[in-house]
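The values are calculated or read from the model by the stated rules, or taken from the named source; none is laboratory data. Note that the structure is predicted; figures quoted are calculated from it, not measured. Positions of Cβ are generated from backbone atoms using ideal geometry, with glycine treated the same way; all protein chains shown enter the neighbour counts.
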Amino acid sequence: MTYRDFLNNKKYKINPVGKDIQVNSINKKLFPFQKDIVKWAVKKGRCAVFLDTGLGKTFIQLEWARILGKRALVIAPLSVARQTVREGKKIDIEVKYIRHDNEVIDGINITNYEIADNFNPDIFDCIVLDESSILKSITGKTRKILIDKFKNTKYRLCCTATPAPNDYIELGNHTEFLGICTRQEMLSMFFINANKEHTIEVNGQMYTKKGSNKGGQEWRLKHHAEEKFFEWMSKWSITMTKPSDLGYDDSRFNLPELKITPIYIKLDNYTPEGKLFFDGLHGIQDRADVREQTANDKISIVKDILKKDKGQWIIWCGLDIESKISKNSIKDSVEIKGQDDSEYKANMFENFQDNKFQILITKPKIGGFGMNFQNANNMIFYGLNDSWETYYQAVRRCWRFGQKKEVNVYIIISEYEREIYENITRKDLQAKRLRIKMIEKLEDLEKGELKGMNIEKEIYKKNIIKGKKFTAMLGDSCERLKEVKDNSIDLSVYSPPFMDLFVYSNSNRDIGNCKSPDEFYKHYEFIVKELFRVTKEGRLSCVHTSDIPAMANRDGYIGLKDFPGEVLRLHQKCGWTFVGRCFIQKNPQAQAIRVKSKSLLFVQLNKDSSSSRPALVDQILIFKKPGENKIPITPVKNKELDNEKWIKWAHGIWTDISETNTLQYYVARAKDDEKHVCPLQLETIERCIKLYSNPGETVLTPFMGIGSESFMALKLNRKTIGIELKESYFNVAIQNLQHIELEKGQNELF
């Protein structure tokens, strides 16, 4: 495999499992953007359609199932399932509601999530999850059943409104169901745990910065992963808030005005249970208590608002007492409760859609997801909770594409609940900003997907700067090493990147950006082979390594990975002879702070020492290219080593290396870097250079970073060649190399 082939294979690919179809084979009643999405989804075979309310997800999923599946099963919330049967008739598709296997027909079947476990997945070749955001809210057991049950179903489609861009758990559940990757793999690739502390080092002192204090785990996109994340998303999902997001006509999809009116009621008789006075809401129970105690005071406001319009209304309740009071106080209303019979719920929702009664009373979790209530344009929230998604979905039942009238939303809350409304408002603004940003990021990628075009862009820069005794190359070592002559290098010293996705860059050329150990070592092999070619016979390569911690969220276990062993075996595979190893002592307390390892903490030692371990020790692996060394290396003759110092170095365990004696690296760290640069200690480099090269010879480093190895080579009167992929590091390296050359030039003058 050529290196170019390897880079192409390294790109994250999601191979289609569907089939190509012509647009004219799709139902003519669909809009152009809907047809294009159907065509794309049919080709993908396993994908997600994230379209905002009213853009026709139901038509798209039914056409997808009709074209791909001999037998398809759509799983939807109970109320939505019956609605889908009605929607299918609009585009001449029969959809049968079923409860058991013996009711299944060839064609499109639909059922609800509560009874999805009743069915044998082997009898279906096509599965659709409608309102698939439900994956995050249904019980873990039900979610696992869905993912496990249909993991072998050939064609899989998820449909829901545009997901909250910062709801990564929802996206992870989708990728797991579709078989793209597990949620944990997604988090490991693109995200970082924002709760973790991170440590910085300033002038040799360690300072720890606290992460988020919120409970649970909070994840954020790695800075360098953002572009790759959206590129990856575009491979398996289509996201749209309006047709023009992807270049289509909006004229049939303009939303009417939305008027939101919060109404605060003042109360003097509320005192939190167990307290002398109100001091703010604390937790879910406080929120439920204040809603329950103020429910009777709100009903008169509800009744006054209903007089404003003789049309249909929805009253969204959060508590049973709110629903009961509303039903008992309001004429011509129908209450739909969670414990109601499934058939009754479905019939009442249909009757409301058909304008057979004026006022619907229910909870958002019962009728707030997936239902089309464009027949109404007025709603009242009988109180509010902190869930932005619940609020957003409930509003969008009426305020959706196709609604002709302005939509009025009244929110009745007590003064004590003001912070809840402010919280929802803040979340709504944040979600809008994030959604706009997400659409902007996805726009070109998804247009390319729909048109079958590859529009990925690679930003790759090359440069070469030469000094009196140094040559610095900006670029990819796998390619730029080819510019170095055969058998021309006397020594190489370097520290290879450890596999850690999107920490320093988003380039596929970055060896650290590998999805698996196998991919990492295949990438690294190109370097090792080139180093073997350019090194003189009988000469050496010194490689800095260390064991690597294995983490549960990335590797599935907590322990260590034998990175030095893998590097050793790779070098032997490429022709090198392993001739020695040196261990470098590290400070366990500093390491505990820097890498956040609980296995080095006193608290773990006292709690259970079975999870304690020694500090990670740096290792210098020494490899020799077979053949006779034509020019002896004479460090004693060169006055760079004496017998006493050799005895100290020959122990193989170096205990006197200062961990903080490195080149300054703070200016090299880009604002998007997740970790600070980790330059090799100058004393370690010095020993390698003095032991295995003569003054005037050439020292090579294929991972120059900020120039530590080349800096020491110049300082010790060697010539040097350094190669670095990341431009910000390269620029700092040039400054360091020019500085040491200037300094040495001045010393020679005086």
Wholly within region 287-370, strands (runs of 3 or more DSSP E) carrying at least 3 residues that are buried (at least 19 other Cβ atoms within 10 Å of the Cβ) and among the hydrophobic types (A, V, I, L, M, F, W, C): 313-317, 359-362
Number of positions in region 562-584 that are part of a strand (DSSP E or B) and either at positive phi or not aromatic (F, W, Y) (or both): 6
Hits in region 443-470 - residues which are polar (S, T, N, Q) and modelled with pLDDT of 85 or more: N463
Inter-residue pairs, beta-carbon under 7 Å, first more than 20 Å from C159 (Cβ to Cβ) and in region 359-377, second of a type in the set (F, W, Y) and assigned to a helix (DSSP H, G or I), 6+ apart: L360/F352
Strands (runs of 3 or more DSSP E) wholly inside region 35-124 containing at least 1 residues that are small (G, A, S) and under 24 Å from T142 (Cβ atoms): 46-51, 71-76
Test for V493: is it in contact with a Cys (Cβ under 6 Å, 6 or more places away or on another chain) and assigned by TED's automatic domain parsing to the domain that holds V534: yes
Residue within region 328-347 that is of a type in the set (A, V, I, L, M) and in contact with a Cys (Cβ under 8 Å, 6 or more places away or on another chain) present: no
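Quick one: is D386 outside any helix (DSSP H, G or I) and out of contact with any strand residue (DSSP E or B) (no Cβ under 7 Å at 6 or more places or on another chain)? Step through it out loud before you land on a result.
Numbers: outside any helix (DSSP H, G or I): yes; out of contact with any strand residue (DSSP E or B) (no Cβ under 7 Å at 6 or more places or on another chain): yes.
In short, yes.
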Residue check, K461 in a helix (DSSP H, G or I) and surrounded by fewer than 20 Cβ atoms within 10 Å (Cβ to Cβ): no
Failed item in (1) surrounded by fewer than 20 Cβ atoms within 10 Å (Cβ to Cβ); (2) at pLDDT 85 or above; (3) in contact with a Lys or Arg (Cβ under 7 Å, 6 or more places away or on another chain), with T425 passing the rest: (3)
V636 touching a residue at least 24 places away in the same chain (Cβ under 8 Å) and assigned by TED's automatic domain parsing to the domain that holds F520: no
From the options S234, S244, residue that is in a helix (DSSP H, G or I), at pLDDT 85 or above and surrounded by fewer than 16 Cβ atoms within 10 Å (Cβ to Cβ): S244
Tally, over region 521-558, of residues that are among the charged types (D, E, K, R), more than 19 Å from L570 (Cα to Cα) and buried (at least 17 other Cβ atoms within 10 Å of the Cβ): 1
Hey, D20 outside the structural domain of F150 (by TED's automatic domain parsing), in a loop (DSSP other than H, G, I, E, B), surrounded by fewer than 23 Cβ atoms within 10 Å (Cβ to Cβ) and of a type outside the set (S, T, Y) or not: yes
Condition met for D444 (acidic (D, E) and touching a residue at least 40 places away in the same chain (Cβ under 8 Å)): no
Residue that is over 31 Å from the mean Cα position of the chain (by Cα), among the charged types (D, E, K, R) and either outside any helix (DSSP H, G or I) or under 30 Å from L187 (Cα atoms) (or both), where the choices are K630, K648: K630
Subset of region 504-552 (residues that are of a type in the set (V, I, T) and assigned to a helix (DSSP H, G or I)): I527, V528, V534
Whichever residue in region 478-512 is of a type in the set (S, T, N, Q) and out of contact with any Lys or Arg (no Cβ under 8 Å at 6 or more places or on another chain) and, among such residues, is surrounded by the most Cβ atoms within 10 Å (Cβ to Cβ): S492
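Here's the yes/no breakdown for (1) modelled with pLDDT of 95 or more; (2) closer than 29 Å to E114 by Cβ:
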{"residue": "R291", "(1), (2)": "no, yes"}
{"residue": "K298", "(1), (2)": "no, no"}
{"residue": "K308", "(1), (2)": "no, no"}
{"residue": "C317", "(1), (2)": "no, yes"}
{"residue": "S329", "(1), (2)": "no, no"}
{"residue": "Q353", "(1), (2)": "no, yes"}
{"residue": "L360", "(1), (2)": "yes, yes"}
{"residue": "L384", "(1), (2)": "no, yes"}
Residue check, E440 at pLDDT below 95, under 22 Å from the mean Cα position of the chain (by Cα) and either surrounded by fewer than 13 Cβ atoms within 10 Å (Cβ to Cβ) or farther than 19 Å from H523 by Cα (or both): yes
